[in-house]
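Novice: Mind having a look at this structure? Questions to follow.
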Amino acid sequence: MKQQNKRSRKNTSGFTLVELTVAMFVLTVGVLGGMIMIVLGMTWDNTNRMDTTATNAAQAVLAEKIDRSVDQARFRIRLQHWNRSSSGSEPT
């Protein structure tokens, strides 16, 4: 009787407890790795958004300064031209 039980167990198909434990461990590591990547992606997205905002603000400030410099240079040129023409001398 005992030999017959041993044979019938060998012929049954299925997973052992060790195989199931290893499979659960591998699945858990994969799911946790995916969750970590999602959290890191969200953190990097927020950091990049702040960097982009700072870059846009800096570009706006620089553009304003450049516009002011160009306007001041144009004003100086016009003023010099006006001073020359009002004094009676011809610009060279």
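Novice: Regarding the range 75-84, can at least one residue be identified that is modelled with pLDDT under 95, part of a helix (DSSP H, G or I) and touching an Asp or Glu at 6+ places or on another chain (Cβ under 9 Å)? Spell out how you get there, then give the answer.
Specialist: Within the range 75-84, the first condition is being modelled with pLDDT under 95, and the residues that meet it are 75-84.
Subsequent filtering for residues that are part of a helix (DSSP H, G or I) retains 75-84.
Adding the requirement that they be touching an Asp or Glu at 6+ places or on another chain (Cβ under 9 Å) leaves 84.
Checked against the condition, which is being modelled with pLDDT under 95, part of a helix (DSSP H, G or I) and touching an Asp or Glu at 6+ places or on another chain (Cβ under 9 Å), the range 75-84 yields at least one hit.
Novice: Is at least one residue of the range 56-64 free of Cβ contacts under 8 Å to residues at least 24 places away in the same chain and either touching a His at 6+ places or on another chain (Cβ under 6 Å) or of a type in the set (Phe, Trp, Tyr) (or both)?
Specialist: Pass one, the range 56-64, residues free of Cβ contacts under 8 Å to residues at least 24 places away in the same chain: 56-64.
Remaining after also requiring either touching a His at 6+ places or on another chain (Cβ under 6 Å) or of a type in the set (Phe, Trp, Tyr) (or both): none.
Within the range 56-64, none of the residues are free of Cβ contacts under 8 Å to residues at least 24 places away in the same chain and either touching a His at 6+ places or on another chain (Cβ under 6 Å) or of a type in the set (Phe, Trp, Tyr) (or both).
The values are calculated or read from the model by the stated rules, or taken from the named source; none is laboratory data. Just so it is clear, the structure is predicted and the values come from calculations on it, not from any experiment. So basically every Cβ, Gly included, is an ideal-geometry build from the backbone, and we count neighbours across all protein chains shown.
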